[in-house]
1. Once label points are set 7 Å from the Cα along Cα→Cβ at both B:ARG54 and A:ARG14, what is their separation, rounded to one decimal in nm?
2. Which whole-number percentage describes the relative contact order of chain B, with Cα contacts under 8 Å and a sequence gap of 6 or more?
3. One decimal, nm, shortest first: give the distances between the label point of A:SER145 and those of the same position in the other copies, each label point 7 Å from Cα along Cα→Cβ.
4. Provide a whole-number value for the mean count of partner chain Cβ atoms within 10 Å of the Cβ atoms in peptide A:192-204.
5. For the stretch B:1-132, which whole-number percentage of the solvent-accessible area (1.4 Å probe, protein heavy atoms only) is attributable to carbon and sulfur atoms?
6. What base-10 log of the normalised intensity I(q)/I(0) is obtained for the protein assembly as shown from the Debye formula, alpha carbons as equal point scatterers, at q = 0.06, 0.10 Å⁻¹?
7. Once every DSSP H run of n ≥ 4 in chain B is given -39500 (n - 2.57) and the sum is divided by its residues, what mean residue ellipticity at 222 nm do you get, rounded to the nearest 500 deg cm²/dmol?
8. For A:LYS18, give me every one of the lysines with a C-alpha distance below 24 angstrom, ignoring sequence neighbours fewer than eight places off in its own chain.
Number of protein chains: 2
Amino acid sequence: MTTTAGDSITVSRRELNKAATREAIAAAALELLRANGMNGFTADDVANAAGVSRRTFFNYFSSPEAAIASFTQKYLDTVIEQLLLRPQDEPLLESAQHALTAVAPSDLATLAETFALTQGDAQLSRFQLEAWDNCSSQIIATIGSRLAVREGEGSSGMDVNGELYLHALVQSVIACGRAAVEVWFRRHGEDISPASLARLRELLVSAIGHLRDGFHS
Amino acid sequence: MTTTAGDSITVSRRELNKAATREAIAAAALELLRANGMNGFTADDVANAAGVSRRTFFNYFSSPEAAIASFTQKYLDTVIEQLLLRPQDEPLLESAQHALTAVAPSDLATLAETFALTQGDAQLSRFQLEAWDNCSSQIIATIGSRLAVREGEGSSGMDVNGELYLHALVQSVIACGRAAVEVWFRRHGEDISPASLARLRELLVSAIGHLRDGFHS
DNA sequence: GCTCATGTTGCACTCGGTGCAACTTGTGCA
DNA sequence: TGCACAAGTTGCACCGAGTGCAACATGAGC
């Protein structure tokens, strides 16, 4: 199988293989979760279903829960990506509204489905929380370094109140994102239809809207 | 050891024993965490240090991480307690400022210390996140049922937008709480002195303050 | 002091998670 | 094209988390 000329840019064969294996494992885990629930399968099962050894499974994911949470990670990674594409002078809360909703429908559907499937399993819930929190940290780090550059080189970083402002703001945004998904789930349950997902998008925007006006009921 | 007459109200001997054992286990876990770091001890070690069997340890905590996170739980439980003592017509954000800071200094110190010790261990971090999230859920449930009662018996619950408002608000409050602790740690590291803790209290109030004015920098 | 409920313990077992050493596969270069 | 090295996979052995179960100990109620 020679290298098909064309769109392959800097992606070596190895990287492609790794990405494919990773996706195969995650997909197998999701399949098993759908069919058996979180306590209905083991890391062995996932490895077999994905056609790799148990040891290789753990080379890619630190646990079965991590494999499932990777879907949430993926969604949030594209949110970050979208966020960084917004104009830097746009208010952050506005950027957030766009970024949270500017994702492929399939990604949003998977986010919603895995969120639904997560209910009832404590350890998986923790991994989901971790994914949202990692997203916060990444955004804070990115914006923080942006501001540090803009502020000039003399000052060592930011003042405490600015740092608090940034952390509180970003974490609140993420909290509102989670709240929206939560409320959506409480109303629509497992319904992943386009109409239902459109409702989720609305909720995401509304939640940030509440945040913007300081929750003045 | 006969029952010392006096302040013992409805607390049976069994309950006292259980509470004492639970505290002993949690204290032993914290001690080992301080001395060896999270990967430096096992559930066995904690059990031995607390004078119980390994099996009993797991009767009280689902994992070593859960034992440590119980300190955060305790802090957040008293926050909830304080929150419910506030007048019901007080704005929630104001109540939150009081509740987050109206705790015993020792509890705040332990919260801060365990937060510091948590850095660097992924699984323990997840348990801490879970503790904060459980706090959100409890507050949402409590306030939700309050409002349901006040709204009258005819309507089945709350409208979607009200529910979103409640979830987003409470989760943002908790997010600001975490943000304050995080920023405090980035500045004060392991410093648990009263002065440092006073600074933490200020940060908690400021963070909610930012939230109240919609982060209009 | 007897009885029952509640809590503790040891045992055995499953599964998550990891270091290690052998092996296979892709990459770069002559 | 083939050779040598790097990177990835696998099996193996091991440790520790977590749980069901059955025997035992302890406090509650009478």
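1. 4.0 nm
2. On the way: 170 pairs, mean separation 42.5, N = 217.
The normalised contact order for chain B reaches 20 percent.
3. Result, one decimal in nm: 4.8.
4. Values: counts 0, 0, 0, 0, 0, 0, 0, 1, 0, 0, 3, 6, 1.
Per residue, the number of nearby Cβ atoms from other chains is 1 on average.
5. Working: 3590 of 6980 Å².
Roughly 51 percent, rounded to a whole number.
6. Per q value, in the given order, log10 I(q)/I(0) is -0.29, -0.81.
7. On the way: 9 runs with 163 residues, N = 217.
Mean residue ellipticity, 222 nm, calculated: -25500 deg cm²/dmol.
8. Cα-Cα hits under 24 Å: A:LYS74.
The values are calculated or read from the model by the stated rules, or taken from the named source; none is laboratory data. Bear in mind the structure is a predicted one, so any value in this text is a computation, not a measurement. Here the Cβ is made from the backbone with ideal geometry for all residues, glycine too, and neighbour counts use every protein chain on show. Only protein heavy atoms, including side chains, enter the accessible area calculation; ligands, DNA and RNA are left aside. Shrake-Rupley method; radii C 1.70, N 1.55, O 1.52, S 1.80 Å.
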